[in-house]
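Heads up, the thing below is written out as structure tokens.
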Amino acid sequence: MNDLSLSILPEAAGDAQAIERLHERTFGPGRFVLSAYRIREHVDHLLDVSFTARIGTLLVGSVRQLPILIGETRALMLGPLTVEPPFRGRSIGRQLMERALNDAREKGHAIVLLVGDAAYYSRVGFKPVPKGRVTMPGPVDPARVLVFELVDGAFEGVSGQVSPDWSQARNRRSGP
């Protein structure tokens, strides 16, 4: 019998095409106009804090984190987080987030920001950012900007424009 248990594994460079197809299926073309994607198009996610979920060899979910600045403060942006629709409701998204947050803490990161549904993300400890403290590129509903402190008090006094952390950027190929 095949082993069909869930595995949460670090994302590997070879996972990129399968993850992009997953994003196409779950988010569609509208994903490119979202504020968070404005940041993602400029700096790559960090493989050491990004993960895949597999059942056997089938990729069923993914979470990525990329380096950002909030004003002058280094942080991570979590997302996109996605799970194949037939596998939703089985805590796969939560397991991906918990692994991503735990590994980020172990690697010395202090703050994780995301744009998402507060009711969903509050279950793992994300909290709304006080209105006006963080500015995203492009329009975004301030109630959807959430923060998770990996270190107690790390978000105290942090404010400003969210931008890619260029010090963490890898060389990117130009062109399509």
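The values are calculated or read from the model by the stated rules, or taken from the named source; none is laboratory data. The structure displayed is predicted, hence computed values, not measured ones. When we count neighbours, we look across all protein chains shown, and the Cβ atoms used for this are built from the backbone with ideal geometry, even at glycine. These accessible areas exclude ligands, DNA and RNA; they are computed on the full protein's heavy atoms, side chains included. Shrake-Rupley method; radii C 1.70, N 1.55, O 1.52, S 1.80 Å.
Data for the structure
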| quantity | calculated |
| --- | --- |
| Selection from Pro142, Val158, Val115 lying farthest towards where the dipole of the range 56-176 points positive, charges on Cβ | Val115 |
| Per-residue HN-Hα couplings for the range 70-82 [Karplus 6.51, -1.76, 1.60; θ = phi - 60°; Hz; x = Gly/Pro] | 10, x, 9, 8, 5, 7, 10, 10, 8, x, x, 10, 8 |
| Hypothetical label at Lys131: residues of the range 48-78 whose amide nitrogen lies under 13 Å (7 Å Cα-Cβ projection) | none |
| GluC sites (Glu not before Pro) restricted to the range 79-176 and DSSP loop, no more than 11 other C-beta within 10 Å | Glu156 |
| Tensor-based shape of the range 78-176 (alpha-carbon gyration tensor, a/c under 1.5 rounded, otherwise prolate or oblate) | rounded |
| Three-way shape call for the range 49-92 based on the alpha-carbon gyration tensor, with the a/c threshold at 1.5 | prolate |
| Met136 accessible area, 1.4 Å probe, all protein chains in place, Å² to nearest 10 | 10 Å² |
| Percentage relative contact order, the range 59-176, counting C-alpha pairs under 8 Å, at least six apart | 30 percent |
| Global form of the range 95-137, assessed from the alpha-carbon gyration tensor, a/c cut-off 1.5 | oblate |
| Carbon plus sulfur fraction of accessible area for the range 33-161, probe 1.4 Å, in percent | 52 percent |
| Relative contact order (%) - criterion: Cα under 8 Å, at least six apart; region: the range 55-101 | 38 percent |
| Surface per residue (accessible, 1.4 Å probe) for the range 87-140, Å² | 55 Å² |
| Full-stretch length increase - Glu41, Val124 - with 0.36 nm per residue and alpha-carbon distance subtracted | 27.2 nm |
